[in-house]
Number of protein chains: 2
Amino acid sequence: MQEALFKNEFITVFKEESHIPWLKIFTTEPYKELTDCPKNLRDILYRSIEIVEKEMREYYKPDKINIAMFGNYVPHLHVHIMARFKSDAFFPESMWGKKQREASLVLPDEKIFLEELIKKLHSIVNM
Amino acid sequence: MQEALFKNEFITVFKEESHIPWLKIFTTEPYKELTDCPKNLRDILYRSIEIVEKEMREYYKPDKINIAMFGNYVPHLHVHIMARFKSDAFFPESMWGKKQREASLVLPDEKIFLEELIKKLHSIVNM
C-alpha cells in the first residue's frame, strides 16, 4: 500500500504517479458515494478539494484544474485533483482519454508544494 | 444553444445526450475554476450536485455515480454527473475512456426523474 501524504480521521491524501501534479483524496472511513457521507465529512471533503486546487494553481500555474470522482474500479469514495497543462500528454482530453502527444512539461519541484499543502490540510480540522 | 432543464441566477442545468443518465451543471455566471467562485455559489453548486446524485440513485439505481469537472475545451465551470451501470458501454472505464461493449441498458423513462429533480433544485434557493 502506498504511503499517504496526509491522513486524519476524515480524509487520506495520496499522490498519483503521473507526469502532471495529481492528488487523490479518499474518505478515511469507506463510503461508496458522496451522498453516503455525513454532512460534516462532505464539507471537509469540499474544503480539502478547494485547498488542493488553490495550492496547485498558485504553485504550478496550470492551464486548468480537473476534478473527478469515479470509483468504478474502487468503490471507496475518492476525488482526483489534477493540474492540467496545454503541453501535457492528454490535454485537452481528460487524463482518462486518448493520448495527444509526448509531454514536454518542466515543473517546479513538488517538495515545497507538498509541504505547504500538508500544512493547509492540517488547518481544516480547526475550521 | 441547447435549452436548459433548469436555470436560476446561480446554476444552469443541461442534459447530455447519452445512453446513460447524464446531467451537466454550469455556473450561470462564467467562472473558470471552482476556487474562482464566491463561497455562496460553491455551496449552491455542492448542494445541487448532491441533489442530482441523490435523485439519480433513487430513480435509476445505478451501480455507481461519476462526477467530473474538466472544462479543458470549455473553460466555464461545469460539473458532469453520470449514473453508471455495469452494462453501460464504458463501465468500469470513465465515460471519456475506451468503449467496452455495446450497451444493453433498459432504464425507466426520464420524465418523472426530471420533474422531481427540477422541483428539488428550486428548493436550493430557499436554503
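The values are calculated or read from the model by the stated rules, or taken from the named source; none is laboratory data. Note that the structure is predicted; figures quoted are calculated from it, not measured. Every residue, glycine as well, gets a Cβ built from its backbone with ideal geometry; the counts of neighbours run over all protein chains shown.
When residues in region B:42-81 are screened for being touching a Pro at 6+ places or on another chain (Cβ under 8 Å) and under 24 Å from A:Pro62 (Cβ atoms), 4 of them pass. Within the option set B:Lys98, B:Lys64, being more than 20 Å from B:Ala4 (Cβ to Cβ), surrounded by fewer than 22 Cβ atoms within 10 Å (Cβ to Cβ) and at pLDDT below 95 holds for one residue only, B:Lys98.
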